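Below is one structure; the comments refer to it alone.
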Amino acid sequence: MLWFREKNVVLVVHTAAEPSDAEWGAYIAVLREVRPPDLNIFVVTDGGAPNAKQRAALKAYQEGAQPPTAVVSTSRAVRGVVTAISWFNAHIVAFQPIEIDRAFDHVGVAAKERREWLARVQRLAAGLDTPVESLRLAVEAVR
């Protein structure tokens, strides 16, 4: 799991692996730098998602706020986690990689900025041990 914050958008990229508690704690610390309602979160994952304990930490951090969150993935398990998070954040939505433009719409990234944001996610993903297939599919959908 890696992340990058630019202004009010936090980009997150996961492989299929669940984040460690240390990674999740560091991620929550980054989220605290931009408080809702100014925060937007954009995630691309091949299946890595927070476990129940980590989701509880996310809920505690949000304190009732509901930041727009787009999760791009082909994983059905991720869709289940998105549903669980939606119980305390109605503004989280899962998207297939082919729906990358709708995902960017959801977090307020302007059409003219999307290629650059996608390039940022690609640079971020280059730091992971394994390629992220959902990202590859999203990039293909933009071409």
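What are the residue pairs meeting all of these: first residue in region 21-35, first residue aromatic (Phe, Trp, Tyr), second residue in a helix (DSSP H, G or I) and surrounded by 13 or more Cβ atoms within 10 Å (Cβ to Cβ), Cβ atoms under 8 Å, and 6 or more apart or on different chains?
Close Cβ pairs satisfying both conditions: Trp24/Gln54; Trp24/Ala57.
Please enumerate the residues belonging to region 47-66 that are surrounded by fewer than 23 Cβ atoms within 10 Å (Cβ to Cβ) and within 28 Å of Glu140 (Cβ to Cβ).
The initial filter retains those residues of region 47-66 that are surrounded by fewer than 23 Cβ atoms within 10 Å (Cβ to Cβ), namely 47, 50-66.
Hits for region 47-66 are Gly47, Pro50.
From the residues in region 54-74 that are part of a loop (DSSP other than H, G, I, E, B), under 23 Å from Ala22 (Cβ atoms) and within 14 Å of the chain's Cα centre (by Cα), which one is modelled with the highest pLDDT?
Across region 54-74, the extreme among qualifying residues is Ser73.
Which residues, taken from region 8-64, are of a type in the set (Asp, Glu) and in contact with a helix residue (DSSP H, G or I) (Cβ under 6 Å, 6 or more places away or on another chain)?
Result: Asp46, single match.
Just checking, does region 88-96 include any residue being assigned to a helix (DSSP H, G or I) and either small (Gly, Ala, Ser) or surrounded by fewer than 20 Cβ atoms within 10 Å (Cβ to Cβ) (or both)?
No - not one qualifying residue is present in region 88-96.
If you check Ala126, Ala119, Ala110, Ala141, which single one turns out to be on the phi < 0 side of the Ramachandran plot, surrounded by 13 or more Cβ atoms within 10 Å (Cβ to Cβ) and among the small types (Gly, Ala, Ser)?
So the residue among Ala126, Ala119, Ala110, Ala141 that is on the phi < 0 side of the Ramachandran plot, surrounded by 13 or more Cβ atoms within 10 Å (Cβ to Cβ) and among the small types (Gly, Ala, Ser) is Ala141.
The values are calculated or read from the model by the stated rules, or taken from the named source; none is laboratory data. As the structure is a prediction and not an experimental result, all values here were calculated from the model. Cβ atoms come from the backbone with ideal geometry, glycine included; neighbour counts cover every protein chain shown.
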